Every structure is written in structure tokens, then in C-alpha cells.
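K.L.:
If you scroll down you'll find the structure; I have some questions about it.
We did not get these values from a lab; they are worked out from the coordinates using the rules stated. Since the model is a prediction, treat every value here as computed from it, not as a measurement. Please note: Cβ atoms are built from the backbone with ideal geometry, for glycine as well, and neighbour counts cover all protein chains shown.
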């Protein structure tokens, strides 16, 4: 389960070693934007050693490597792959060819290490107009792709528009990525809300992302993690209703009925699917059915 993903600079040892205490489901060790060219080698080693020696107690590790048009990305993969991060975040993925190139090299490294293929997943970061238009091709390019991730800051620069807190300028990109990811059968994650002091704004932005169908949301600030987790978790009322739906379906089966109503509404296949998804998440969170 990956409701929240928190970026941590790969060159900041204090943040790296305390990453599992910040409440996010996953932490992203950032070797790209947060690290200047002069610090790339040192950050790579620091992230490698953090993964090697630290126990993150169930908090998933993701590493944002450098893009494949740089001289750094293969070195990044060489260092981190032995410690099996959950995902590699590939920035500026613009086409299926980009994802396939990363996949090929990751496969080579896995073979050298004696690891099964696809031990480490790939999450393309979509942050260009070309990437948005190629979203489905990227999502379905290889079995290694487990999710798509929208990066709005670089995207709006590429679109030559202003990035706003309201987010009207990224509406199309958001919906395009959700549809592409769901069609390909992978997860999809929303861009961070970058105003770390706007406590109301993060709530509104996270709720919008959930309403659009995103699996979860990234953050650049630990302050936002609690809100994101809450928004992307089912409420007790939702959990109880999901169990009611499943009870109603079982009752219908026992009575030989093809359809049944609950609270005056017919229970159809989409409602059952949503109920099953809610129960699965509740169980992952340790939530129990209410009385």
C-alpha cells in the first residue's frame, strides 16, 4: 500500500536516516533534482549506504535516479540495485523507449547480481508534454512498470504556463495519466503540493487527486504526509458500508437471487468492486468492521 510518498534529498544524511519516522508509506531518496552535479557521486554513495545499513521497518524505499539523457543514471542503478528498492523512479520519461532502455539495463544488473528479473519495479515520472501524450504506451511498455507518477513542476514549464495551487493547468495531464495507468493495470500517483505552509490547500489538493482516481500522492514536506494518508484511507463509514455490500451479495446468492438492493439502491458489479477494494485497503491498514 502506497498512499503517501515523501521525497528526501539524497545528499542529506539526517533526513535519510530518519525517513521511516516521518509517517509516509514510502520514502523517495532523490538523486536527481535535490542534488547538484558536484554532489552526485557522494549522494549516490550515501543513499547506497543508507539502504545497506538502515532498517526502515516496512516503509518502502523508492529511489529517483537521474534521467537517461545524463551520465549518471546507470551508475545510480549499479549502486542501488543490490539493496533492492521497491521502485526506481525514472525522471523525464517521454516515451516507451525511455522506459524500455531503463528496463534493459536494470535487467542486466539483476542478472549480474543473480536476482530474478523485475525484482525492482520501475515508476516512470511523467513531466513533459510528450510524456503525457505517450502515457499509455509508457505504462504498458514493460512488466517492470508498476506505476506512473505525474510531475507538475517540470510539466508546466514544458507547457509554458504558470503553475498554480488551484491546478487548472494540469487538469488534462491528471486525467490522462489516471486513464492511461488504469487501462494498463498499474498504479498512478499525483504530483506534490508544493506550498508547505498551506494546510488547507493540501487537503483540497489531495481530495481532488483521490476523486480523480489517483492511487496516492507524493509530498516534499513531512507536514503533508498525515493529511495525504487520511485522504487516501477509507473512513470507518466507508468500511462498514463495504462489508454491508458483501453481506448483501452473499444473502442474494443464498436466496438464489440475481440482484439485491441495499438501502434502496441496487447492488451492481461496480459497487461490489469498490467494496472489495475498500475492504482490502482496510485490512492492510488494520481497520476492523464497526459494530
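K.L.:
Run a plain Debye calculation on region 91-137 (Cα atoms as equal point scatterers, no solvent) and give log10 I(q)/I(0) at q = 0.14 Å⁻¹, rounded to two decimals, same order as the q list.
P.N.:
The Cα Debye sum returns log10 ratios of -0.37.
K.L.:
Specify the angular offset, from 0 to 90 degrees and rounded to the nearest 10, of the alpha carbon long axis of helix 96-113 from the longest principal axis of the alpha carbons in the chain.
P.N.:
80
K.L.:
I would also like to ask the following. Could you please state, rounded to a whole Å, how far the C-alpha centre of region 110-126 is from the C-alpha centre of region 82-103?
P.N.:
Their Cα centres are 8 Å away from one another.
K.L.:
Given labels modelled 7 Å from the Cα in the Cβ direction, how far is it in nm from residue 266 to residue 223?
P.N.:
Inter-label distance under the simple model: 5.0 nm.
K.L.:
Using the alpha-carbon atoms, what tilt in degrees (0 to 90, nearest 10) does helix 236-254 show relative to the longest principal axis of the chain?
P.N.:
Result, in degrees: 50.
K.L.:
Direction-averaged shadow area of the convex hull around the Cα atoms of the chain, nm²?
P.N.:
17.5
K.L.:
At 0.36 nm per residue, minus the direct Cα-Cα distance, what do residue 137 and residue 41 gain on full extension? Give it in nm, one decimal, please.
P.N.:
Length gained between residue 137 and residue 41: 31.3 nm.
K.L.:
Separate question: Once you place label points 7 Å from the Cα toward the Cβ at residue 18 and residue 285, how far apart are they in nm?
P.N.:
Result for the modelled spin labels: 2.7 nm.
K.L.:
Between region 228-271 and region 161-210, what is the separation of their alpha carbon centroids in Å?
P.N.:
The two parts, judged by their Cα centres, are 28 Å apart.
K.L.:
Under 14 Å from a point 7 Å along the Cα-to-Cβ line of residue 235: which residues of region 257-291 have their amide N that close?
P.N.:
Counting backbone N atoms under 14 Å from the label point, the list is empty.
K.L.:
Would you kindly calculate the translational diffusion coefficient of region 204-291, applying Stokes-Einstein with the Kirkwood radius from alpha carbon pairs, for 37 °C and a viscosity of 0.692 mPa s, and quote it in µm² s⁻¹ without decimals?
P.N.:
The calculation lands on 225 µm²/s.
K.L.:
May I ask what percent, to the nearest 5, of DSSP beta bridges between residues of the chain are antiparallel?
P.N.:
Antiparallel bridges make up about 5 percent of those DSSP assigns within the chain.
K.L.:
I want to check the label-to-label distance for residue 153 and residue 250. Put each point 7 Å from Cα in the C-beta direction and report it in nm to one decimal.
P.N.:
4.9
K.L.:
If you average the sequence gap of Cα pairs under 8 Å that are 6 or more apart and divide by the length of region 109-239, what percent do you get for the contact order?
P.N.:
Contact order relative to length: 20 percent.
K.L.:
Can you compute the helix-only [θ] at 222 nm over the chain? Use -39500 (n - 2.57) per DSSP H run of at least 4 residues, normalise by all residues, nearest 500 deg cm²/dmol.
P.N.:
The helix contribution divided over the chain gives -14000 deg cm²/dmol.
K.L.:
So what does the Cα-only Debye profile of region 236-284 read at q = 0.13, 0.22, 0.32 Å⁻¹, as log10 I(q)/I(0), no solvent term?
P.N.:
-0.27, -0.73, -1.24
K.L.:
Here is a further query. For residue 211 and residue 33 in one chain, what is 0.36 nm times their gap in residues minus the Cα-Cα distance, to one decimal in nm?
P.N.:
The span from residue 211 to residue 33 would gain 61.2 nm if fully extended.
K.L.:
Relative to the first principal axis of the alpha-carbon coordinates of the chain, what is the inclination of helix 199-212, with its axis defined by its Cα atoms, in degrees from 0 to 90 and to the nearest 10?
P.N.:
Value to nearest ten degrees: 70.
K.L.:
Then there's this: Kindly identify region 24-109 as rounded, prolate or oblate by the Cα gyration tensor criterion: order the square roots of the eigenvalues as a ≥ b ≥ c, call it rounded if a/c is under 1.5, otherwise compare a/b with b/c, prolate if a/b is larger, else oblate.
P.N.:
prolate
K.L.:
Using alpha-carbon pairs under 8 Å, 6+ residues apart, how would you state the relative contact order of the chain in percent?
P.N.:
15
K.L.:
Once you keep just the Cα pairs under 8 angstrom separated by 6 or more residues, what percentage relative contact order results for region 236-284?
P.N.:
Relative contact order of region 236-284: 48 percent.
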